[in-house]
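Trainee: Right, I'll just put the structure down here and ask away after.
The values are calculated or read from the model by the stated rules, or taken from the named source; none is laboratory data. From a predicted model like this one, the values you see are computed outputs, not experimental measurements. Cβ atoms come from the backbone with ideal geometry, glycine included; neighbour counts cover every protein chain shown.
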(Lines give C-alpha, C1' and ligand atoms only; values in the text may rest on other atoms or scores of the structure.)
Protein backbone atom coordinates (compact mmCIF):
# COMPACT_ATOMS: atom_id res chain seq x y z
CA UNK A 1 0.00 0.00 0.00
CA UNK A 2 1.33 3.39 -0.97
CA UNK A 3 0.39 6.18 1.41
CA UNK A 4 1.72 9.52 2.64
CA UNK A 5 3.57 10.34 -0.57
CA UNK A 6 3.51 13.56 -2.56
CA UNK A 7 3.00 13.25 -6.29
CA UNK A 8 3.81 16.72 -7.59
CA UNK A 9 3.58 18.00 -11.18
CA UNK A 10 3.61 14.53 -12.75
CA UNK A 11 2.60 14.46 -16.40
CA UNK A 12 1.42 10.85 -16.05
CA UNK A 13 0.91 9.06 -12.76
CA UNK A 14 1.79 5.42 -12.27
CA UNK A 15 -0.72 2.92 -13.54
CA UNK A 16 -1.00 -0.64 -12.30
CA UNK A 17 -1.89 -1.85 -15.77
CA UNK A 18 0.73 -2.19 -18.49
CA UNK A 19 -1.80 -3.28 -21.06
CA UNK A 20 -3.85 -1.57 -23.72
CA UNK A 21 -7.21 -2.49 -22.19
CA UNK A 22 -8.35 -2.69 -18.60
CA UNK A 23 -9.63 -5.94 -17.21
CA UNK A 24 -13.15 -5.15 -15.94
CA UNK A 25 -12.99 -8.19 -13.64
CA UNK A 26 -9.91 -6.90 -11.82
CA UNK A 27 -10.67 -4.94 -8.64
CA UNK A 28 -9.73 -1.27 -8.50
CA UNK A 29 -6.30 -0.72 -6.96
CA UNK A 30 -6.48 1.67 -4.03
CA UNK A 31 -3.72 4.10 -3.14
CA UNK A 32 -4.64 4.56 0.52
CA UNK A 33 -4.72 2.66 3.79
CA UNK A 34 -8.46 3.01 4.28
CA UNK A 35 -8.08 6.30 6.18
CA UNK A 36 -5.42 8.38 4.43
CA UNK A 37 -3.84 8.33 1.00
CA UNK A 38 -1.37 10.52 -0.84
CA UNK A 39 -1.02 14.12 -1.97
CA UNK A 40 -1.68 14.73 -5.67
CA UNK A 41 -0.77 18.21 -6.92
CA UNK A 42 -3.49 18.15 -9.58
CA UNK A 43 -6.28 17.06 -7.20
CA UNK A 44 -9.10 19.59 -7.41
CA UNK A 45 -11.43 18.17 -4.79
CA UNK A 46 -12.70 19.96 -1.71
CA UNK A 47 -12.15 19.36 2.01
CA UNK A 48 -15.42 20.62 3.47
CA UNK A 49 -14.83 19.27 6.99
CA UNK A 50 -11.20 20.50 7.16
CA UNK A 51 -9.71 17.12 8.13
CA UNK A 52 -6.94 17.36 5.52
CA UNK A 53 -8.46 14.61 3.36
CA UNK A 54 -10.32 15.26 0.13
CA UNK A 55 -14.04 14.59 0.10
CA UNK A 56 -13.95 12.79 -3.27
CA UNK A 57 -11.50 10.14 -4.49
CA UNK A 58 -8.58 11.02 -6.74
CA UNK A 59 -8.98 8.88 -9.87
CA UNK A 60 -5.64 8.02 -11.49
CA UNK A 61 -7.19 5.82 -14.19
CA UNK A 62 -10.10 3.34 -14.33
CA UNK A 63 -8.13 0.72 -12.35
CA UNK A 64 -6.41 3.02 -9.80
CA UNK A 65 -7.77 5.51 -7.30
CA UNK A 66 -6.87 7.15 -4.01
CA UNK A 67 -10.06 7.15 -1.95
CA UNK A 68 -8.61 9.50 0.70
CA UNK A 69 -6.34 12.01 -1.08
CA UNK A 70 -4.41 14.38 1.16
CA UNK A 71 -5.00 18.10 0.72
CA UNK A 72 -1.47 19.20 1.66
CA UNK A 73 1.87 17.84 0.50
CA UNK A 74 3.71 15.61 2.93
CA UNK A 75 7.03 16.13 1.18
CA UNK A 76 9.55 18.78 2.11
CA UNK A 77 10.72 20.53 -1.03
CA UNK A 78 14.47 20.36 -1.62
CA UNK A 79 16.49 23.36 -0.54
CA UNK A 80 17.95 24.93 -3.66
CA UNK A 81 21.71 25.13 -3.74
CA UNK A 82 23.12 28.61 -4.22
CA UNK A 83 24.17 29.20 -7.80
CA UNK A 84 27.43 30.74 -6.54
CA UNK A 85 29.61 28.49 -4.35
CA UNK A 86 29.63 29.57 -0.68
CA UNK A 87 33.44 29.91 -0.73
CA UNK A 88 33.17 32.48 -3.52
CA UNK A 89 30.56 34.45 -1.55
CA UNK A 90 32.75 34.46 1.57
CA UNK A 91 35.80 35.55 -0.45
CA UNK A 92 33.83 38.39 -2.07
CA UNK A 93 32.62 39.63 1.33
CA UNK A 94 36.17 39.45 2.73
CA UNK A 95 37.58 41.39 -0.24
CA UNK A 96 34.86 44.04 0.13
CA UNK A 97 35.59 44.39 3.87
CA UNK A 98 39.35 44.70 3.29
CA UNK A 99 38.79 47.24 0.50
CA UNK A 100 36.58 49.35 2.78
CA UNK A 101 39.15 49.19 5.60
CA UNK A 102 41.93 50.29 3.25
CA UNK A 103 39.80 53.17 1.90
CA UNK A 104 38.93 54.35 5.42
CA UNK A 105 42.59 54.18 6.43
CA UNK A 106 43.63 56.08 3.32
CA UNK A 107 41.07 58.84 3.98
CA UNK A 108 42.17 59.18 7.60
CA UNK A 109 45.82 59.56 6.57
CA UNK A 110 44.87 62.05 3.88
CA UNK A 111 42.80 64.08 6.41
CA UNK A 112 45.67 64.09 8.96
CA UNK A 113 48.15 65.19 6.26
CA UNK A 114 46.07 68.22 5.26
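Trainee: Could you tell me how many of the residues in the stretch 37-52 are farther than 22 Å from residue 12 by Cα and either surrounded by 16 or more Cβ atoms within 10 Å (Cβ to Cβ) or touching a strand residue (DSSP E or B) at 6+ places or on another chain (Cβ under 9 Å) (or both)?
Mentor: 2
Trainee: Given (1) at pLDDT below 95; (2) exposed (fewer than 13 other Cβ atoms within 10 Å of the Cβ), identify the lone condition not met by residue 2.
Mentor: (2)
Trainee: Given the criteria under 26 Å from the mean Cα position of the chain (by Cα), surrounded by 15 or more Cβ atoms within 10 Å (Cβ to Cβ) and either assigned to a loop (DSSP other than H, G, I, E, B) or at positive phi (or both), does residue 56 qualify? Break it down stepwise before answering.
Mentor: Values: under 26 Å from the mean Cα position of the chain (by Cα): yes; surrounded by 15 or more Cβ atoms within 10 Å (Cβ to Cβ): no; either assigned to a loop (DSSP other than H, G, I, E, B) or at positive phi (or both): yes.
No: the conditions fail for residue 56.
Yes/no per residue for (1) more than 30 Å from residue 6 (Cα to Cα); (2) assigned to a loop (DSSP other than H, G, I, E, B); (3) in the same structural domain as residue 47 (by TED's automatic domain parsing); (4) touching a strand residue (DSSP E or B) at 6+ places or on another chain (Cβ under 6 Å):
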{"residue": "68", "(1), (2), (3), (4)": "no, yes, yes, yes"}
{"residue": "72", "(1), (2), (3), (4)": "no, yes, yes, no"}
{"residue": "75", "(1), (2), (3), (4)": "no, yes, yes, yes"}
{"residue": "88", "(1), (2), (3), (4)": "yes, no, no, no"}
{"residue": "93", "(1), (2), (3), (4)": "yes, no, no, no"}
{"residue": "98", "(1), (2), (3), (4)": "yes, no, no, no"}
{"residue": "102", "(1), (2), (3), (4)": "yes, no, no, no"}
{"residue": "105", "(1), (2), (3), (4)": "yes, no, no, no"}
{"residue": "111", "(1), (2), (3), (4)": "yes, no, no, no"}
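Trainee: Name the residue that is modelled with the lowest pLDDT, counting only residues in the stretch 11-36 that are loosely packed, with under 11 Cβ neighbours inside 10 Å and under 21 Å from the mean Cα position of the chain (by Cα).
Mentor: Across the stretch 11-36, the extreme among qualifying residues is 12.
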